Amino acid sequence: MSAPAAPPAAAAATDVLDAPPAPAASLPGAEGFAEEGAEGELSARRDAPVGGQAVLEGVMMRGVSNWAVAVRKPTAEQLSRGERSPEEAALGEIEVSTFPLDSAMKRHRLLRLPIVRGVVALGGSLAIGFRALEVSANAQLPIEEGEEQQEISRGMWAGTVVVALALAIVLFFLVPVGLTSLIKSQLSSSVLFWVVEGLVRTGIFLGYMLLLSRLRDLRRVFEYHGAEHKTISCFEAGLPLTPANAQRFSRLHPRCGTSFLLVVMIVAIFVFAPIGLPAWYWLVITRILGVPLIAGISFELIKFAGRNRSRRWVRAVMWPGMKLQLLTTREPDADQLAVAIASLQAVLSLETPGELTAADLVGVEVVA
């Protein structure tokens with residue numbers, strides 16, 4: 001599906017860059033849905049069936065039955081130079097593409113069972129996420145005069161997905177068990193083995209996230225990640241979607257994928273504990289086959305945290321994952337928030353989450 005011209009939502013988002021934020025208590029529908037944190041930032045107190053993802057110079061937003069990608073396209077001059085500064089990136093127009101969303105969980109009751117629904121939802125989110133990255137990458141390619149928009153081949157993207165998933169399983173599941181097995185004879189019990197393996201896995205994950213946060217080329221992606229969180233929180237709080245209002249919110253969100261991954265690392269410790277110390281090949285097999293179960297359990301925990309974010313004990317448990325988002329998000333500017341808002345407005349123009357019936361929400365599991 002080719003990317004159409006930006007709809008009115010994109011233009012509206014650009015026009016309100018300088019609109020002053022209104023006090024939360026004076027905004028219709030906002031009272032009671034936003035609270036101020038210790039650092040003066042707002043956070044939403046309710047959960048809404050919307051999620052998103054940062055992409056290349058843009059943001060993907062998804063709702064119940066639709067998803068959209070908003071991207072800042074480079075100008076002809078920027079394409080000719082092959083690079084653009086953050087200030088120049090804002091000069092490009094916002095292009096928005098919308099797509100229908102049809103979850104298999106709506107058609108099959110068994111897929112809506114706890115844990116199973118998490119695996120299905122995450123699989124669907126991965127598919128949408130890679131498709132959104134494809135759309136945003138294609139939007140950055142030059143258009144030759146008299147020719148159609150260049151696109152990266154589907155085969156290349158499929159290969160990228162397979163390699164990325166394989167590397168994730170190897171790095172976070174097979175490498176930890178392999179390293180721990182090297183000192184297996186020195187560990188006095190199976191309990192100590194899975195504790196050490198869990199610590200090694202979590203350490204590799206934290207080191208990986210720290211390394212990503214240091215990469216200069218990913219900085220703008222992390223800024224758009226922050227814009228995505230702020231925009232979703234602004235919507236959940238019931239405030240009008242303007243860059244000025246969205247900027248007031250925290251760039252951290254309880255349903256973020258970064259928090260989810262940390263939960264995965266911790267849940268894996270308890271899932272693998274009953275297996276004990278079988279032969280090395282069983283250790284490898286169980287680490288691969290256990291990934292869906294771990295993902296499903298982690299999804300339920302993140303979902304629960306999102307619904308109960310106002311409870312103090314939930315906040316305390318989720319605090320490490322929230323703080324980890326400081327590595328994968330950066331404070332966005334008003335132009336990046338305008339892109340995130342354009343994406344969410346494109347979804348909201350096709351559906352209204354607050355007016356959905358119980359039938360509309362059957363099988364709906366949105367990952368932030």
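The values are calculated or read from the model by the stated rules, or taken from the named source; none is laboratory data. This one's a predicted model, so the numbers in the text were calculated from it and none came from an experiment. Virtual Cβ from ideal backbone geometry, glycine too; neighbours counted across all protein chains shown.
Of these, 256, 234, which one is closer than 19 Å to residue 331 by Cβ and touching a strand residue (DSSP E or B) at 6+ places or on another chain (Cβ under 7 Å)? Answer to the check: 234. Given the criteria aliphatic (A, V, I, L, M), modelled with pLDDT of 85 or more, touching a Ser or Thr at 6+ places or on another chain (Cβ under 9 Å) and more than 30 Å from residue 298 (Cα to Cα), does residue 59 qualify? Here the answer is no, as residue 59 does not meet what is asked.
Yes/no per residue for (1) assigned to a helix (DSSP H, G or I); (2) among the aliphatic types (A, V, I, L, M); (3) surrounded by 14 or more Cβ atoms within 10 Å (Cβ to Cβ); (4) at pLDDT below 90:
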position	(1), (2), (3), (4)
175	yes, yes, yes, no
194	yes, no, yes, yes
197	yes, no, yes, no
203	yes, no, no, no
206	yes, yes, yes, no
217	yes, no, no, yes
220	yes, no, yes, no
223	yes, no, yes, no
